[in-house]
Each structure stands twice: as structure tokens, then as C-alpha cells.
Amino acid sequence: MKSSFRKAVRAERLKLKRSPVWLAFIALPMISAFFGTFNYLNNIEILKSEWFSLWTQHSLFLCYFFMPALIGTYCSYLWRLEHTRHNWNSFLTSPLPFPALYFGKLAQAVFMAVLGNLWIFFLYYICGKLSGLNSPFPKDAASWFLFGTIGAVAVCCVQLFFSLVIRSFAVPIGIAMAGGILGLWVTNKGMGLCYPYSLYSIGMRANNPNLELDIGAHLVNSAGYIVLFAALSVLYLRRHEISAN
């Protein structure tokens, strides 16, 4: 199984090596960082918490709008080839076991989400230094990164399932965008930990770096969505594999 998984991961990396999706993961966080920093510098007399204030400007639109859409785009791209022409039957009759094929795609989605988060925090640090922040970089950023990444994995599992069962490339991306926007409302109502698209933004403490995170609830709910949607995806593939054979 380990050998099959490694082969599946290598195959996905080869297919995505020259993907234009990489450009979106680079460009959109840069745009968000630019406007967040611009807004911080223009309201610096009000935003007096330095690094924490800068994070509120960087994270709000990024975590609720850009990042869910980016994850949705990447997950749709991962299934795009299989939904083209007759590639679906070729995929299901591959010599590799289909759970390995699915988890190969999930590993790529998670890898991209982790890289995206690293890029976000790198931009945050650079923008802080360019803005003249000389105080120490917040230690809390490690927690934001960790729990934000865990929430991102949950979003990856949800989006991979939608992109698996929906042949359209654009519809799952629209679901991700709507999910992220709705997440802002759900979080404001105090129910964010129960909603998959809010787990990322809550983990990142989007627009609220002083938020006291319920770590247990965040971990349990993230794990629940990961297991649920991974299982649904594997079951869906199993059913269609039987039909293909």
C-alpha cells in the first residue's frame, strides 16, 4: 500500500508540475498582503497593536475569500483530467488500488495548502518589516499556522469530494467561494467550529489574533470532516470501480 501511495503521489506531481494553478497560489496571497499592508499603514493611528493589527488586515479577506477559492480551484484541477473524455474508466481500472489514487490526490492538495500557508506567513513577516515593525515577531503565529493548516486539510477533503462527484470544473470552485463567504456569517454567529470552511479561518485567528481557540473542539471537528469526506470519496470510487470493471 505504501508503494502504491508513493506512485500515486509521484503521478499527481507529474501531472501538476506545469499547472497554472501554482501562479494563483503565489499571486493571490501577494495581492491580499499588499492591500492588507496598505490598509494597515493608512490606519496606523487606529491600529496600534503592530504585528497583531497587521495580521487583522492580512487575514480577513485571505482566509474567508481567497484561500477557500484557491483550495477549491486546486482540488478541481486535481480531478479535471479524470473528468475529461474517457479518462474516468482509465483511472478506475489503474493497476494502483483506488484508495491510493485518492490519497495521492489528497496528499497533493494538503501539500499545496501547507505551501500556501508558508507563503502567507512569509509575506506577513516581510510586510511587517517593510512597514517598520521592530517588535519581536509574534510567537502566536506558530499556533495560527498549525491550526490553520489543520483546518485547511478539512477544506481539502470537502472540496476533493465535491470535485470528484461534480464533473464541472467551475461549480466546486463556486461552492468553495460561497462556503468561505458563508463562513464569515457562521463564525459571527458563534458556530464556526461546526462549519468546515470556518475551521481554517478560526485556526488562523482571521481578523481576531486574540481569539481564545477551543483546541479540542477544533481538532475533533477538523478530524471529523477529514474522516467523513475521505470515507465518502473512497466509497464513491469503490462503487464506480465496480461499474467500470
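Only residues that are of a type in the set (Val, Ile, Thr) and within 13 Å of residue 69 (Cβ to Cβ): list them for region 172-194, please.
Answer for region 172-194, where residues must be of a type in the set (Val, Ile, Thr) and within 13 Å of residue 69 (Cβ to Cβ): 173, 175, 181.
Scan region 18-59 residue by residue and report those that are in a helix (DSSP H, G or I), of a type in the set (Ser, Thr, Tyr) and touching a Phe, Trp or Tyr at 6+ places or on another chain (Cβ under 7 Å).
32, 53 - these are the residues of region 18-59 that are in a helix (DSSP H, G or I), of a type in the set (Ser, Thr, Tyr) and touching a Phe, Trp or Tyr at 6+ places or on another chain (Cβ under 7 Å).
When only residues in region 186-222 that are farther than 24 Å from residue 58 by Cβ and touching a residue at least 12 places away in the same chain (Cβ under 8 Å) count, which is farthest from the chain's Cα centre (by Cα)?
217
Under 6 Å by Cβ, and 6 or more places apart or on different chains, what pairs join a residue from region 72-94 that is under 17 Å from residue 22 (Cβ atoms) and among the aliphatic types (A, V, I, L, M) with one that is crowded, with 19+ Cβ neighbours inside 10 Å and at pLDDT 65 or above?
78/105
Checking the condition of a type in the set (Gly, Ala, Ser), without any contact (Cβ under 8 Å) to a residue 12 or more places away in the chain and more than 30 Å from residue 44 (Cβ to Cβ), which residue from 170, 178 passes? Full working, then the answer.
Details: 170 fails: without any contact (Cβ under 8 Å) to a residue 12 or more places away in the chain.
After applying the criteria, what remains is 178.
Can you give me the number of residues within region 150-171 that are at pLDDT below 95 and of a type outside the set (A, V, I, L, M)?
Total meeting the criteria: 4.
Pairs, please: C-beta under 8 Å, at least 6 apart or cross-chain, first residue closer than 16 Å to residue 125 by Cα and in region 37-54, second aromatic (Phe, Trp, Tyr) and buried (at least 17 other Cβ atoms within 10 Å of the Cβ)?
53/40; 54/40; 54/124
How many of the residues in region 154-190 are surrounded by fewer than 15 Cβ atoms within 10 Å (Cβ to Cβ), assigned to a loop (DSSP other than H, G, I, E, B) and at negative phi?
3
The values are calculated or read from the model by the stated rules, or taken from the named source; none is laboratory data. Model, not experiment: these values are computed from the prediction. Cβ sites come from the backbone with ideal geometry, for glycine too, and all protein chains shown count toward neighbours.
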